[in-house]
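The values are calculated or read from the model by the stated rules, or taken from the named source; none is laboratory data. What you are looking at is a predicted structure, and each value in this text was computed from that prediction instead of being measured. All Cβ positions, even for glycine, are placed from backbone atoms using ideal geometry, and neighbour counts span all protein chains on display.
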Amino acid sequence: MLCRRDGEYVPLIMSTQPPPITIVPAPVATTPPPQCPPEPLFFNRELSWLDFNDRVLQLARDADNPLLERVRFLAIFASNLDEFFMKRIGGLQRQRASRLSELSMDGMTADEQLTAIQLRVRHLLQQQMDVWTNELQPQLEQNGIVIHNYDALSESDRATCDEFFSRNIFPILTPLAVDSAHPFPFISNLSRSIGVLLEHPVRGESHFVRIKMPENLPRFVPLPARNQYVPLEQVIGGNLALLFHGMKVIEWQLFRVTRNADIEMDEEDADDLLEMVEQELRRRRLAHVVRLELPESMSSAMKQFIVDGMEVDQRDVWTVRGPIDMDDLFAIANVDLPNLKFKPWNPLTSPRLADDEMDIFSIIRQGDVLVHHPYESFATSVERFIMTAADDPKVLAIKMTLYRTSSDSPFVPALIRAAEMGKQVAVLVEIKARFDEQRNVELAQRLEKAGVHVVYGLIGLKTHTKLAMVVRDEPDGLRSYAHIGTGNYNSKTAVLYTDLGYFTCNQQITSDAIELFHYLTGRSLKRDYRKLLVAPVNMRDRFLAKIRREMDLAQAGKPAHIVAKMNQLQDARVIKTLYEASQASVKIDLIVRGFCCLRPGVPGMSDNIRVISILGRFLEHSRIFWFQNGGEEEYYIGSADWMNRNLDWRVEAITPIEDPSLRATLKEIIDTAIGDYSFSWELQSDGTWQRRKLEAGDTESTNTQERFMARALHEAKKVIR
C-alpha cells in the first residue's frame, strides 16, 4: 500500500508474501491513497532546549575560539544542564506519575519525553567528556595549565597538598557514618559528597561514611608552580587516613545529587506571598532527587549502598566517565592568561550620553535614546539614569521593577537614598524569580525597612518586565521619563548579555508606564494602552493582529515581511499564525537563541519561514520585532519572548520605537544577525540545526558581535574628534 509523504508515494506496509494475482477491471475513478500521519506541527520543547545546549557544546569544540573560552563554554554547557535537570525533569516526572498526564506540543507523553531526554543527554555527555579528555585538557597542559592527580604528584607537591589539607580542610570536615543507628544523611542540591568504604582491621566489618565537600573552598587546589592544580576531592581522598585512624580505607568516590526545583505553589490560597515563597525554598531543599551522578569507577557495592540509602530510582542514576560537576571549570577558564582568551571588551558610552556634565533628563528631552549593551555602557546609561534621579531635588518619584539584580546592585542604595530624601519610591521585587528567590526576598526586606514602597509581585503572575520611571517637577509642570529594557537591572550580566535599553519622555509611552505601575501596585484593570503591548493584557492579541495584517498585505500584493529576535519560541497560537502567514506568502525571519518549537521549511506549511540561532562570547538576549507593514515599518523591543508563559503568566511590556535614527539601529542589528555566518546555526525542517555556510556568491561572513564592538569603537572615536 502507498501513502503520500512530501509529495511522493511511499510504501506504507511491506509484506513478506507476494500478493495473489487477480485481474480486476480498471476503475472509472481512482480512490486517492491513504495519507500518512502528518508530521507534528511543533518540535518538542525539551529536546529543542537540549539542541541549544548542544550548540553551546559545539562552541567548546570550535578550535577557532581561544582555548580558555572553549573551557568556559564547556562549563556553561554543564551549568545549563544542571539547571535543565532542576527545572524540567522534576515536572516531567510528576506528570509521568499522574494518570492525567498531558501530551507535549508534539504529542509525546511525559514518559516518552523522559526516555528521549535520557538518550539525548547521554550522547551529549559523551561528547562533553570527549572534548575535555581528548582536546581541551591536553591543550591546557601544552599551555602550562595542568590539573594533576594527587597520586602522581612529586613528593614536594604532595607535601604542599597535605599541608593545605591540615590547615584548611581537616578542621571543617564532618564525616557522617551510616549504620543502623545513623540513617543515610540528607544531601543538599548540587552539593558534592565523598563516599568512603572502611573496613575494621580486627572484626573485618565494612562501614560507609559520607563526607560533604566544603563549598567555601576552591575546587582546584593550587600548587607552588604557576597554573598547576589538584582537585580538592583528591586532596581529601589522599588524606583520609587522618580522618579514620586505625581503619582501612577500601574505597573513596565523589558523587553529586541534583534535586527538583519545579515545586508547585498554590498562589491562589496564599495569604502572604512572601511567606509562601519562603516555604517553597524550604520545600525545594528537601525536594526529591532527579539525578544522582556516580563515577564510572565506583564499585557496585558502594553504588548500591548510595542508591538504596537515598531511595533513588535507577532511571535517575547517571554514571559519569570523567570529572563530576564540570561547571567548576569556570575557575580554570578564569586563569590569567589573556592570550588564551577573547580580547577584553570594555563597554563604551553611547554617543548620545557622552557629555557626562549634561543633565541626562535634558538629553532625553532632546530626543529618545537607545543603548545597545554590552557594546554601550550600562553604567553610563541605566545606572546614571537612576543615580541622577535619586539625587536630583526636582525628582519627586521613582518607580522600578526588579526581576534579577546583582548582590551588590548599585540600584538598591540609590533607591534607599532617594526614599530617605523624601521621594516617593516604589519597587516591585519579583520574589518568584527562579533561583533568585532568596536574594530577592532579602533585597525586598532591606528596601522596605528603608521606607521604600515594596510590592512582592502579583498572585498567579511573575513580573518580568524591565521598566523604570522617574517623575520630575519641571517649569512647565510634571514630566515623566521612562526606561524600558530587554534585560535585567543587573550590572554584572549587562557586560555579558546583549540587550537594548530605551529612554523616552514621550507622553503617550510614559502615560502607559504610569498605568502599568498602577496595574502592578494596585488593582487597575486598564486594557486600552496607547502604545505599549502589555502581557497578559493585550500583547498576544496585538502581535497576532500584526501578523495577520502582514498576511492581508501580502495577499494584496504589498510588501510583507516579519523579523523577530528572541530567546525562545514556543507559543502554539503564535506559531500557528506564523504558519498561516507563511502560506499567505509572508516572508518570516526568526532569530531564536534557545529552543524553538516552530518547524520551519515544511512545504505548504512553513516554507517561507527561516529560523537561525546566534551564539557567541556574549549571550544574545535582546528581543526585537519588526513588521514591514506594506512599507510603513513598525519596530518594537521589550522583555517578552513568544512563549505562553510570557504572554499569559508574566507581566511584560513591549514598546514601539518610532524615532527614525533609532529604527535604523534596530534594522542594522537584525540585518547583521541575518547575515551572520560565523556563529550562527539554521534550523532544518527535520529538527536538526546546521552551522550556516556562506551562500554562492558571498565572499564575506559577518560576525554579529564583533561587528557591534567595532561599531561602538567607531562611534566613540567620532565623539572624541
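Return the only residue of 153, 190 being of a type outside the set (S, T, N, Q) and at pLDDT below 95. Full working, then the answer.
Details: 153 fails: at pLDDT below 95.
So the residue among 153, 190 that is of a type outside the set (S, T, N, Q) and at pLDDT below 95 is 190.
Comparison of 480, 407 shows that the only residue that is in contact with a Cys (Cβ under 8 Å, 6 or more places away or on another chain), surrounded by fewer than 23 Cβ atoms within 10 Å (Cβ to Cβ) and hydroxyl-bearing (Ser, Thr, Tyr) is 480.
The criterion of being touching a strand residue (DSSP E or B) at 6+ places or on another chain (Cβ under 7 Å) and surrounded by 22 or more Cβ atoms within 10 Å (Cβ to Cβ) holds for residue 623. Criterion applied to 394, 399 was being in the same structural domain as residue 452 (by TED's automatic domain parsing), within 20 Å of residue 516 (Cβ to Cβ), at pLDDT 95 or above and not polar (S, T, N, Q), and the one residue passing it is 399.
For region 424-442, the candidate set comprises residues that are crowded, with 22+ Cβ neighbours inside 10 Å and at pLDDT 85 or above; within that set, the residue that is nearest to residue 262 (Cα to Cα) is 429. Just to be sure before I move on: is residue 655 touching a Phe, Trp or Tyr at 6+ places or on another chain (Cβ under 8 Å) and either assigned to a loop (DSSP other than H, G, I, E, B) or more than 26 Å from residue 469 (Cβ to Cβ) (or both) in the structure I sent? Here the answer is no, as residue 655 does not meet what is asked.
Considering region 443-484, the residues that are small (Gly, Ala, Ser) and touching a residue at least 60 places away in the same chain (Cβ under 8 Å) include one that is nearest to residue 648 (Cα to Cα), namely 460.
Go through the residues of region 513-529 one by one and say whether even a single one is touching a strand residue (DSSP E or B) at 6+ places or on another chain (Cβ under 9 Å) and on the phi > 0 side of the Ramachandran plot. No: region 513-529 contains no residue that is touching a strand residue (DSSP E or B) at 6+ places or on another chain (Cβ under 9 Å) and on the phi > 0 side of the Ramachandran plot. Tell me, yes or no, whether region 693-702 has at least one residue that is under 30 Å from residue 106 (Cα atoms) and either at pLDDT below 90 or acidic (Asp, Glu) (or both). Yes, region 693-702 contains at least one residue that is under 30 Å from residue 106 (Cα atoms) and either at pLDDT below 90 or acidic (Asp, Glu) (or both).
Within the set 277, 235, the sole residue that is of a type in the set (A, V, I, L, M, F, W, C), modelled with pLDDT of 95 or more and surrounded by 15 or more Cβ atoms within 10 Å (Cβ to Cβ) turns out to be 235.
Filtering region 604-645 to residues that are touching a Pro at 6+ places or on another chain (Cβ under 9 Å) and not in a loop (DSSP other than H, G, I, E, B) leaves 609, 610, 611, 629, 630, 631, 634, 635, 636, 637. If you go through region 628-653 and keep only what is farther than 30 Å from residue 556 by Cβ and touching a His at 6+ places or on another chain (Cβ under 8 Å), you end up with 639, 646, 650, 651, 652.
When region 64-105 is examined, which residues are found to be part of a helix (DSSP H, G or I) and among the hydroxyl-bearing types (Ser, Thr, Tyr)? Residue satisfying the conditions is 79 alone. Scanning region 561-568 turns up one or more residues that are farther than 25 Å from residue 403 by Cα and of a type outside the set (A, V, I, L, M, F, W, C).
Among residues of region 81-98 that are in the same structural domain as residue 129 (by TED's automatic domain parsing) and among the hydroxyl-bearing types (Ser, Thr, Tyr), those with a beta-carbon under 9 Å from a residue that is assigned to a helix (DSSP H, G or I) and crowded, with 16+ Cβ neighbours inside 10 Å at least six positions away or on a different chain give the pairs 98/110.
Can we say residue 417 is surrounded by fewer than 21 Cβ atoms within 10 Å (Cβ to Cβ), touching a helix residue (DSSP H, G or I) at 6+ places or on another chain (Cβ under 7 Å) and either within 22 Å of residue 513 (Cα to Cα) or in the same structural domain as residue 477 (by TED's automatic domain parsing) (or both)? Yes; evaluated as a whole, the condition is true for this residue. Residues of region 177-187 that are surrounded by 14 or more Cβ atoms within 10 Å (Cβ to Cβ) and either at positive phi or outside any strand (DSSP E or B) (or both): 184, 185, 187. Report whether or not residue 412 is buried (at least 19 other Cβ atoms within 10 Å of the Cβ) and in a helix (DSSP H, G or I). So residue 412 fits the description; yes. For the criterion of being part of a helix (DSSP H, G or I), in contact with a helix residue (DSSP H, G or I) (Cβ under 8 Å, 6 or more places away or on another chain) and in the same structural domain as residue 190 (by TED's automatic domain parsing), residue 384 fails. Taking each residue of region 240-256 that is without any contact (Cβ under 8 Å) to a residue 40 or more places away in the chain and looking for partners that are surrounded by 14 or more Cβ atoms within 10 Å (Cβ to Cβ) and in a strand (DSSP E or B) with beta-carbon atoms closer than 7 Å, six or more apart or interchain, yields 241/249. In the condition set (1) within 25 Å of residue 258 (Cα to Cα); (2) assigned to a loop (DSSP other than H, G, I, E, B); (3) in contact (Cβ under 8 Å) with a residue 60 or more places away in the chain; (4) more than 34 Å from the chain's Cα centre (by Cα), residue 174 is compliant with all but (3). Given the residues 69, 102, which is the only one that is over 20 Å from residue 136 (Cβ atoms) and surrounded by fewer than 20 Cβ atoms within 10 Å (Cβ to Cβ)? After applying the criteria, what remains is 102. Which one is nearest to residue 144 (Cα to Cα) among residues in region 322-341 that are part of a loop (DSSP other than H, G, I, E, B) and more than 26 Å from the chain's Cα centre (by Cα)? The selected residue is 337. Just one of the listed residues (419, 379) is more than 24 Å from residue 636 (Cβ to Cβ) and out of contact with any Gly (no Cβ under 7 Å at 6 or more places or on another chain), namely 379. Residue 211 meets all of the listed conditions (1) of a type in the set (A, V, I, L, M); (2) out of contact with any Pro (no Cβ under 6 Å at 6 or more places or on another chain); (3) closer than 30 Å to residue 82 by Cα but one, namely (2).
Restricting 447, 478 to those that are assigned by TED's automatic domain parsing to the domain that holds residue 516, part of a helix (DSSP H, G or I) and more than 24 Å from residue 657 (Cβ to Cβ) reduces the list to 447. Give me the residue from region 298-314 that is in a loop (DSSP other than H, G, I, E, B) and surrounded by 16 or more Cβ atoms within 10 Å (Cβ to Cβ) and, out of that set, modelled with the highest pLDDT. Looking at residues that are in a loop (DSSP other than H, G, I, E, B) and surrounded by 16 or more Cβ atoms within 10 Å (Cβ to Cβ), I get 298. Among the conditions (1) touching an Asp or Glu at 6+ places or on another chain (Cβ under 6 Å); (2) in a strand (DSSP E or B), the only one that residue 530 does not satisfy is (2). Against the condition under 25 Å from residue 518 (Cα atoms), modelled with pLDDT under 95 and among the β-branched types (Val, Ile, Thr), how does residue 388 come out, does it pass? The answer is no for residue 388.
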